[in-house]
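Colleague: Sharing a structure with you now.
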Amino acid sequence: MAIDPRPPAARPADAAPSATPRPRIGVPGIVFFIIAASAPLTVAAGGIPQSLGVTGVLGIPLLYLLIALLLAVFSAGYAAMSRHITGAGAFYAYAAHGIGRTAGVAAAFVALVSYNAMQVGIAGLFGATTADFLKARTGLDVPWWALVLAATALVGALGYRRIDVGMKVLAVLIVIESGTVLVFDVAQFGHAPQGVSLAPLSWHAATDGALGVALCCIFAAFMGFESAALYGEECKDPRRTVGRATYTAVALIGVFYAVTAWAMISGAGDGRAVRYAATHGPDMMFALGADSLGPLFSDLAQLFLITSLIAALLSFHNAVARYVRSLGREGVLPRALGALHPRYGSPARGSLAQTAVTVAVTVLFALAGRDPVDDVFTWLTNLGALGVILLLLVTSVAVICYFARRGRSRTDEGPWQRLIAPVLSAVALAVIFYLALTNFSVQLGVGPGNPLRWILPCLVLVAAVLGIAWARFLRFARPDAYAAIGTCATDDTP
């Protein structure tokens, strides 16, 4: 069902947003938010060693470039859609305008579950990493959950304020962690015990091993690249900024991670990199760094890993807050959640809601005595990544439907943006979603008979079903709210 194209004045009165945030950020600001979500130092310390050690695939660098290419293809349709739909709803708004209101609400519920899962999962890793660092350096034995609650308060305070305040904090943190990884990369290429080889960039190396699991691990490193559209209302030029920021972020992340993976393999040696990663795990980067740069680098890198996680927490927090605000102002969630802060112009109530969710889930895991890494981080980030892959697939379909309904005479988008790229990305994302689902037990580190192997993926399905059911309820019980779904996003339909 198509979205009501009438101008805001002609829509139901309660469909109007409570306020519009002031445009404060451009392409660099959004790129900082995207890169923060992908957490370069976290990927270097955890994602790359895991990809090598678990899968046995030496061609991880080439796979990073191939996934970046896939996401660039996806971004063609995504960016085209952003030139027509400029609200803060992203997946929710795109699905609503492309497929229909019910699909939009289903996508919104999946997005809320996925991004909250990513947020809390990363918080668990932050708690464990910071607790270990403090104990090793000071002897203090601080519970992981206490550190998570402290970080949640800090992130919540930044998310509550103006968007440019958080952007400045992210800029500093991203420069520090990216600089740390670059120093590490240069050192590994210069310290390579077996020399620098092109083997990790070969097709044979990329396909020799558990390729399906490797693709899923690498795809997870790009999580957050799609969040540019969430800041559409806060961009200085949303019709151009979102697309440019997405392309820029995908290119930077893909090349940066490919080079880092290549450097790490070179530093360990092609012949023993997989075994080294399996043995050392997340300590691989710190061990190699200590060998080539000295113990001081290892200590600083571990400290900057903590700040990297803070940056990722802030990025996902902002994403959830804007989803909540979009749903609140259109009546899908309580309308009070859609109000902007009168002074900061921020989705302050959405920020408070996300903070409350993080606190509640963290306390539940702590009371249950669950491990912050093996349980909180591994379970929830894999759940979140699976949900985001599904949302990307749905968005590709939405782009196709949206432009097909408008027709070529009503858009200046070319066939590549409105059809070819979305079809290619939809097919590729369907394959990756299937691989992620069938290899989920490997990603969790449990046996194929473990019930978690199906329970966690089913949470994504449950969220979608609840979204569909809620949309149907709104259609019959609150038709005004149903009619308003997606209307606060700008649609330039004549």
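The values are calculated or read from the model by the stated rules, or taken from the named source; none is laboratory data. Values in this document were obtained by computation on a predicted structure and should not be read as measured data. Reconstructed Cβ throughout: ideal geometry from the backbone, glycine too, with neighbour counts over all protein chains shown. Remember, those area values only see protein heavy atoms, side chains included, never the ligands or the DNA or RNA. Shrake-Rupley method; radii C 1.70, N 1.55, O 1.52, S 1.80 Å.
Colleague: Right, V54: more than 17 Å from the chain's Cα centre (by Cα) and at pLDDT below 90 or not?
Modeller: Here the answer is yes, as V54 does meet what is asked.
Colleague: Return the residues of the stretch 369-395 that are of a type outside the set (S, T, N, Q), open to solvent by less than 40 Å² (accessible area, probe 1.4 Å) and within 15 Å of the chain's Cα centre (by Cα); say none if nothing qualifies.
Modeller: Once the filter is applied, which keeps residues that are of a type outside the set (S, T, N, Q), open to solvent by less than 40 Å² (accessible area, probe 1.4 Å) and within 15 Å of the chain's Cα centre (by Cα), the stretch 369-395 yields L380, L383, G384, A385, L386, G387, V388, I389, L391, L392, L393.
Colleague: Check off (1) farther than 16 Å from G100 by Cβ; (2) in a helix (DSSP H, G or I); (3) at pLDDT below 90 for V423 and give me the number that stays unchecked.
Modeller: (3)
Colleague: Within the stretch 185-195, is even one residue buried (at least 20 other Cβ atoms within 10 Å of the Cβ), in contact with a helix residue (DSSP H, G or I) (Cβ under 7 Å, 6 or more places away or on another chain) and either closer than 30 Å to F91 by Cα or among the polar types (S, T, N, Q) (or both)?
Modeller: So far as the stretch 185-195 goes, yes, one or more of its residues are buried (at least 20 other Cβ atoms within 10 Å of the Cβ), in contact with a helix residue (DSSP H, G or I) (Cβ under 7 Å, 6 or more places away or on another chain) and either closer than 30 Å to F91 by Cα or among the polar types (S, T, N, Q) (or both).
Colleague: For A96, are the conditions met, namely being in contact with a Leu (Cβ under 6 Å, 6 or more places away or on another chain), under 14 Å from L391 (Cα atoms), in contact (Cβ under 8 Å) with a residue 40 or more places away in the chain and open to solvent by less than 10 Å² (accessible area, probe 1.4 Å)?
Modeller: When the stated conditions are applied, A96 does not pass them.
Colleague: For the condition in a helix (DSSP H, G or I), in contact (Cβ under 8 Å) with a residue 24 or more places away in the chain, among the hydrophobic types (A, V, I, L, M, F, W, C) and open to solvent by less than 30 Å² (accessible area, probe 1.4 Å), what is the one hit in A366, A353, A398?
Modeller: From the options A366, A353, A398, the qualifying one is A398.
Colleague: Turning to a different aspect of this structure: Have a look at L461, L424, L452, L437 and point out the one that is surrounded by fewer than 14 Cβ atoms within 10 Å (Cβ to Cβ) and either more than 20 Å from A221 (Cα to Cα) or within 22 Å of the chain's Cα centre (by Cα) (or both).
Modeller: Testing whether each residue is surrounded by fewer than 14 Cβ atoms within 10 Å (Cβ to Cβ) and either more than 20 Å from A221 (Cα to Cα) or within 22 Å of the chain's Cα centre (by Cα) (or both) leaves just L461.
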